[in-house]
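The values are calculated or read from the model by the stated rules, or taken from the named source; none is laboratory data. In this text, all values refer to a predicted model and were calculated from it rather than measured experimentally. Quick reminder, even Gly has a Cβ in these numbers, built from the backbone with ideal geometry, and neighbours come from all protein chains shown. We work out accessible area using only protein heavy atoms, side chains counted, and drop any ligands, DNA or RNA first. Shrake-Rupley method; radii C 1.70, N 1.55, O 1.52, S 1.80 Å.
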Amino acid sequence: MRDYRAMKVPQHFLDKVIAPACNKNPDIIEAFRTTPREYFMDEAMRLKAYNDDALPIGYGQTISQPSLVAMMLDKLEPSKSLTCLEIGAGSGFVSSLLGKLMSEVYAMELIPELVRSAQQKLRTMLLWNVQVMTANGAMGYPEKGPYPRILVSCGANSMPQPLLDQLAEGGIMLIPINGVLKKVTKTDGEIREEALAKVAFVNFVNT
């Protein structure tokens, strides 16, 4: 495995792809700068790492489009004082970004091979505040909830009730529902949904 510290994220990628998508949020830009996307991809795909495309990572899964990830992180309103639940960790790329933006991250992924790979990469990057676990994300992770922030990176047909239950008061969840990315907030126990964009994600399990 190549040393991620020897990988340099292109400045034009940060300037042209990431900055416009995250409203020039300096913390998000810095997280991308220190998280080489190619490190989370197979050798054969690394030449395409800084294209603004979703790309395959095996097992029928993809690493998400960078501009979409940047936009989602901005809408999530991350803070180093908050805990985040991530559903659909995949390669661990977004998990690593979250680890640099949040206090603690609990990441769920259904495919054990991807979990093992993500765990290894996150350990190498010394992101000890990120835990990646093999689990069906539809059920969330109630042991550490409720969560001020929840990020779902797989498409659902309906809103998973366990995730709504685990969203903290005043919290924010981003989740794709039937091809539409929604920002879900909980205020005084009331759930509100805001449609943000049309998106395409691999399917959520059991929803």
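Note on the range 99-199: enclosed strands (runs of 3 or more DSSP E) holding 1 or more residues that are farther than 18 Å from S79 by Cα and in contact with a strand residue (DSSP E or B) (Cβ under 8 Å, 6 or more places away or on another chain) are 104-109, 130-134, 167-177, 180-187, 190-198. Residue count for the range 28-58 under the criterion of being open to solvent by 60 Å² or more (accessible area, probe 1.4 Å) and either closer than 14 Å to R2 by Cα or acidic (D, E) (or both): the result is 5. Considering the range 33-68 alone, what residues qualify as being out of contact with any Phe, Trp or Tyr (no Cβ under 8 Å at 6 or more places or on another chain) and in a helix (DSSP H, G or I)? Scanning the range 33-68 gives R33, E43, A44, M45, R46, L47, K48, S67, L68.
Checking the stated criteria, Q61 turns out not to satisfy the condition of being more than 22 Å from A118 (Cβ to Cβ) and open to solvent by 40 Å² or more (accessible area, probe 1.4 Å). Of all residues in the range 5-20, which are over 19 Å from the mean Cα position of the chain (by Cα), surrounded by 11 or more Cβ atoms within 10 Å (Cβ to Cβ), not in a loop (DSSP other than H, G, I, E, B) and not acidic (D, E)? Of everything in the range 5-20, those that are over 19 Å from the mean Cα position of the chain (by Cα), surrounded by 11 or more Cβ atoms within 10 Å (Cβ to Cβ), not in a loop (DSSP other than H, G, I, E, B) and not acidic (D, E) turn out to be R5, K16. Residues in the range 121-160 that are among the hydroxyl-bearing types (S, T, Y), at pLDDT below 95 and surrounded by 22 or more Cβ atoms within 10 Å (Cβ to Cβ): 1 in all.
Just to be sure before I move on: is A89 outside any helix (DSSP H, G or I), under 22 Å from M173 (Cβ atoms), aliphatic (A, V, I, L, M) and touching a residue at least 60 places away in the same chain (Cβ under 8 Å) in the structure I sent?
So A89 fits the description; yes.
The residues of the range 70-88 that are open to solvent by 10 Å² or more (accessible area, probe 1.4 Å) and hydrophobic (A, V, I, L, M, F, W, C), listed by number, are M71, L82. Select from the range 102-112 the residues that are open to solvent by 10 Å² or more (accessible area, probe 1.4 Å), of a type outside the set (D, E, K, R) and over 14 Å from V152 (Cα atoms) and list them in ascending order. Those that are open to solvent by 10 Å² or more (accessible area, probe 1.4 Å), of a type outside the set (D, E, K, R) and over 14 Å from V152 (Cα atoms): S103, I111, P112.
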